[in-house]
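The values are calculated or read from the model by the stated rules, or taken from the named source; none is laboratory data. Note that this is a predicted model, so its numbers are computed, not measured. Positions of Cβ are backbone-derived with ideal geometry, glycine not excepted, and every protein chain shown enters the neighbour counts. To get the accessible areas, we keep the full protein, side chains included, count just its heavy atoms, and leave off ligands, DNA and RNA. Shrake-Rupley method; radii C 1.70, N 1.55, O 1.52, S 1.80 Å.
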Amino acid sequence: MSGLAISTTGLVHIYRAHGHDVAALSGIGISVRPGELVGLLGPSGAGKSTLLQLCGGLLTPSAGRLQIGEHNVATMTEAELDRMRSGDVGIVLQGAGRNLIPYLTPAENIHYAQQASPPGRELPAAQEVLELVGLGNHAEDELSRLTPGQVQLCAVAVGIATMPGLLLADEPTSQLDHRARDEVLAALRTINRETGMTVLLVTHDPEVAATLPRTITIRDGRIASEGRSGEEYAVVAVDGSLPLPPHVAELLPAGTLVQVTTENGEIRLTPVRQEEDDR
């Protein structure tokens, strides 16, 4: 098993709300290499969960291209999307309970998830999957006896039950204490490192984001910035636009004229004063 790449170009998703069309994503372009561990960041309503659901085939793009490995998601039928999710893409929805059958043990939940796997696919034993996330000693426990952190780990285990090439996790550490949060993050890193699985997770927690090797921040449905090893970078869009970091945007109100100059390989942005513009 090897990780799947993610590639989007001009990705748009529009939904209807209160009689109006709303653009949740407006021309998103990202590239994630096979085997990367990437976090999607951004304020509530920015579009990060929408992007995650599009990658999982739970939503249909309104426009643009979305490639998951060899799958062109934008053109796939519902049956094809079902097959993709049953083998190549694992999804952990926000809220651990949404991923689990409450009256089944962790091992039984994994067996149930594996039933949808394509015929002939080699599947790991439930115990092996649980060992990978640190729940090897809880295979036959009742879910009601597990801690919230252990229940979330069980949800992650179900998400990787078929050993997919891509794991999508929506807020997998929300509503957990720091210890449980760190255990879930450690499990995701172990999965990524030991299997080569690509992992894309949504988080609003800056402490979680700080532990990730790469982050992509979405704001108002567009890519606002990327983080690499703790450094934040603005990202030039395909159309040449450049979203400014919030602390810079505060200094340049909408409508401000900015002079762009280059010298010795450096690019300088200089706001033009109103009186200068009037002359």
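Take region 152-175 and flag every residue that is under 21 Å from K48 (Cα atoms) and open to solvent by 30 Å² or more (accessible area, probe 1.4 Å).
Q175
Identify all residues within region 119-170 that are of a type in the set (D, E, K, R) and at pLDDT 95 or above; write none if there are none. Explain how you work it out, then say what you get.
Start the filter on region 119-170 by keeping residues that are of a type in the set (D, E, K, R), which leaves 121-122, 128, 131, 140-142, 145, 170.
Of everything in region 119-170, those that are of a type in the set (D, E, K, R) and at pLDDT 95 or above turn out to be E128, E131, E140, D141, E142, R145, D170.
Can you find a residue in region 259-277 that is at pLDDT 80 or above, open to solvent by 40 Å² or more (accessible area, probe 1.4 Å) and acidic (D, E)?
The answer is yes; a qualifying residue exists.
Going by the conditions given, is R214 in contact with a strand residue (DSSP E or B) (Cβ under 6 Å, 6 or more places away or on another chain) and open to solvent by 40 Å² or more (accessible area, probe 1.4 Å)? Working first, answer last.
Working: in contact with a strand residue (DSSP E or B) (Cβ under 6 Å, 6 or more places away or on another chain): yes; open to solvent by 40 Å² or more (accessible area, probe 1.4 Å): no.
It is false that R214 is in contact with a strand residue (DSSP E or B) (Cβ under 6 Å, 6 or more places away or on another chain) and open to solvent by 40 Å² or more (accessible area, probe 1.4 Å).
Would you say T198 is open to solvent by 20 Å² or more (accessible area, probe 1.4 Å), β-branched (V, I, T) and either in contact with a Lys or Arg (Cβ under 9 Å, 6 or more places away or on another chain) or without any contact (Cβ under 8 Å) to a residue 24 or more places away in the chain (or both)?
Working: open to solvent by 20 Å² or more (accessible area, probe 1.4 Å): no; β-branched (V, I, T): yes; either in contact with a Lys or Arg (Cβ under 9 Å, 6 or more places away or on another chain) or without any contact (Cβ under 8 Å) to a residue 24 or more places away in the chain (or both): yes.
No: the conditions fail for T198.
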